[in-house]
Amino acid sequence: MKPPPFSYHDPETLEQAVELLATLDNAKALAGGQSLMPMLNMRFVLPDHVVDLNRVSELSGIRRNGQTIEIGAMTRQRDLEFSSEIATACPLMSEALTHVGHRQTRNRGTIGGSLCHLDPAAELVCVAAALDAVVEVVGPNGRREIPFAEFPAGYMSPAIDFTELVSRVTFPVWPRETGHAFVEFSRRHGDFAIVSAAAMLLLDGAGRVSRAVLALGGVGAVPLRMHDVEAALIGQAPTAELIRRVSETCRTVEAVGDVYVPASYRQHLACVMSRRALETALSRADRSAAAA
Amino acid sequence: MDSVADTRTIELRVNGKAYSRPAPVRMTLSDFLRHELKLTGTHVGCEHGVCGACTILFDGRSARSCLMLAVQANGHEITTVEGLANGKDMHPLQAALSDHHGLQCGFCTPGMLTTLVELLNDNPSPSAEDVRVAISGNLCRCTGYEGIVAATLDAAQKMRAGAGGRS
C-alpha cells in the first residue's frame, strides 16, 4: 500500500504544467489527490511522472461573470461548500457538496479533479451534467471548451487528451425563482451514492413548468440526463400525479449491476430518487414568479 | 531515469517545530511523519482515505495524511495528535474522551481528535448531529461512537466556559 516510484514535478504556472504534460511520457496530473492517491497506494495506476498542480495558484478561484459562474479547476470542494457566491448562484452544487466524501476529503478534493476522475456516482459530476456546465481545457494547442454532455467519453474517461488539463468549469446561473434539489441514496453518509438525482424546476406565471432538468448519477457508466422526463414536464402544471408518473418512467433506464447492487435495484432507486428530487425542487420553486 | 532514487529535502513545521529531512518523493505524508520524524501518534489504517485514522491538520485544515505526499507538505504547517496537549495538560477534548469512555483500543483516536479539533475551531457550539457528521469519515470499531459524541459536546461546553471565564 505504498505509491509506486515516479518522478515528481510541481510547476507554479499553468503554462509550465501544460508543457510538462506535453513532453513527459506516462505523466499523471495530481489535483486534490483524493482519488489519485488511493489509486497510487493500491497501484491501480503506475505513472512515470506525477505533475502536481497544487502550486498553480491561477487554477483556483470562484468568479461570478454575469449569468455564469466560473470555477477554477483546482478550487477545493470545501471552498465551494462554504462560498456564499456558490450558495446564491448555484445552490444545487452547495447541496450536492454536503454528500461529497467527508470534511477531511473536501478540504483537499477539487472540482476539476472530481470531473476528470469522472466516477459516475460522483456528486459534482451529476451537478455538471444537470446544469450543462462547460469545461475549459488547456493543452499544447491552446484552450478549448467542451460542453459537459460531450465531456464523458465512457466509464471514468473524460474526452480530453493526455496532454490536456482541465483549467476551468463554467456553470450557467438559473433564475432565483428556480427550485433545486440534490438527493442521493447511499448506505452511509459520505459513501459513494448508489443512485443520486439532481433536479431543477422553474415555473411560469401560470404555475406551469417552463424549464426542467433531471440528472441521475450512479445508474449508468456515465451520468444520465433524463431528457424525456424533462420534456414531459415542460408546459405542464406540476401536480403530484405528474411527478409520480414521469418519475416512474425512470424505472426502465438502462442501469449497471455489480456484486453489491443489481441493476434492477438501481432502476428502482432511479425512480424513487427522481420523484424525491422533483418533489423537493417543486416545493422550493417560487410560484409567484411573474410570467414576464 | 532514476525515479526510485528521486528524493527531495522537505522543510516543514510540525506541532510548531521546524524540521528539514530528505524523503523519497513517493513517500506519503503519514509515512514521513511516522518513519522519518518518529511521530508515531498519527496512525495508518487503510491507506486509501477511508478509515480516517491518519487525519492531521494541514495549515489548520483536517486532511488524510495517507492521501498526501510528504513533498506536498514542504513549506506548510502540520498539527498531529502529539501537538494537541500543552505539556502534561491534555487538550480539553483529550480529557473529555478519557472521562466519557471515548476510546478503547485508541487506534482511531488521533484521527478523531484532529477532526474534532477542527470542528470545534469552526463551530464552538456543535449539536450532536454536527459531531456525528464531522466524524462520519472516521471509523471506530470499539467504542460505538456514543462516548466520542458525548465527550465532544462536553469538551465544547468546557471550552466555551473557559474562553468566556478566564481568557
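The values are calculated or read from the model by the stated rules, or taken from the named source; none is laboratory data. Remember, it's a predicted structure, so these values are computed and weren't measured experimentally. A quick note on method: Cβ atoms are made from the backbone with ideal geometry, for glycine too, and the neighbour counts reach across all protein chains shown.
Among helices (runs of 4 or more DSSP H) entirely within region A:73-159, having at least 2 residues that are surrounded by 17 or more Cβ atoms within 10 Å (Cβ to Cβ) and within 14 Å of another protein chain (Cβ to nearest Cβ) singles out A:77-81, A:103-106, A:111-117.
Considering region B:146-155, the residues that are out of contact with any Pro (no Cβ under 8 Å at 6 or more places or on another chain) and buried (at least 18 other Cβ atoms within 10 Å of the Cβ) include one that is farthest from A:H102 (Cα to Cα), namely B:D154.
Any idea how many residues of region A:37-52 are aliphatic (A, V, I, L, M), under 18 Å from A:F162 (Cα atoms) and surrounded by fewer than 23 Cβ atoms within 10 Å (Cβ to Cβ)?
Within region A:37-52, the first condition is being aliphatic (A, V, I, L, M), and the residues that meet it are A:37, A:39-40, A:42, A:45-46, A:50-51.
Restricting the remaining residues to those that are under 18 Å from A:F162 (Cα atoms) gives A:39-40, A:45-46, A:50-51.
Cutting the leftovers down to surrounded by fewer than 23 Cβ atoms within 10 Å (Cβ to Cβ) gives us A:39, A:45-46.
So the count comes out to 3.
Mind listing just one residue for me: the one in region A:20-40 that is free of Cβ contacts under 8 Å to residues at least 60 places away in the same chain and more than 9 Å from chain B (Cβ to nearest Cβ) and, of those, nearest to B:S62 (Cα to Cα)? Step by step, filter region A:20-40, then rank; the result is A:K28.
Is region A:208-216 home to any residue that is outside any strand (DSSP E or B) and of a type in the set (V, I, T)? So that I can check it myself, show each step before the final result.
Kept after step one, since they are outside any strand (DSSP E or B), are these residues of region A:208-216: A:208.
From what's left, of a type in the set (V, I, T): none.
Scanning region A:208-216 turns up no residue that is outside any strand (DSSP E or B) and of a type in the set (V, I, T).
Kindly check whether there is at least one residue in region B:39-48 that is within 7 Å of chain A (Cβ to nearest Cβ) and touching a Leu at 6+ places or on another chain (Cβ under 6 Å).
Initially, region B:39-48 is screened for residues within 7 Å of chain A (Cβ to nearest Cβ), giving B:47-48.
Narrowing the set further to residues that are touching a Leu at 6+ places or on another chain (Cβ under 6 Å) leaves none.
Scanning region B:39-48, I find no residue that is within 7 Å of chain A (Cβ to nearest Cβ) and touching a Leu at 6+ places or on another chain (Cβ under 6 Å), so the answer is no.
Okay, residues lined up against (1) more than 10 Å from chain A (Cβ to nearest Cβ); (2) more than 17 Å from B:A155 (Cβ to Cβ); (3) surrounded by fewer than 22 Cβ atoms within 10 Å (Cβ to Cβ); (4) under 15 Å from the mean Cα position of the chain (by Cα):
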site	(1), (2), (3), (4)
B:L69	no, yes, no, no
B:N74	no, yes, yes, no
B:A95	yes, no, yes, no
B:D130	yes, no, yes, no
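So is A:F44 of a type in the set (A, V, I, L, M, F, W, C), more than 20 Å from B:D6 (Cα to Cα) and within 13 Å of chain B (Cβ to nearest Cβ) or not? Taking the combined requirement at face value, the residue satisfies it. With respect to the stated conditions, A:P140 fails to be touching a residue at least 60 places away in the same chain (Cβ under 8 Å), touching a Pro at 6+ places or on another chain (Cβ under 8 Å) and not assigned by TED's automatic domain parsing to the domain that holds A:L216. Of all residues in region B:85-107, those that are part of a loop (DSSP other than H, G, I, E, B) and under 18 Å from B:P126 (Cβ atoms) total 3.
Contact map, region A:209-233: residues that are in the same structural domain as A:R187 (by TED's automatic domain parsing) and of a type in the set (S, T, Y) paired with residues that are modelled with pLDDT of 95 or more and in a strand (DSSP E or B), Cβ distance under 6 Å, separation 6+ or inter-chain. Pairs shown: A:S210/A:L202.
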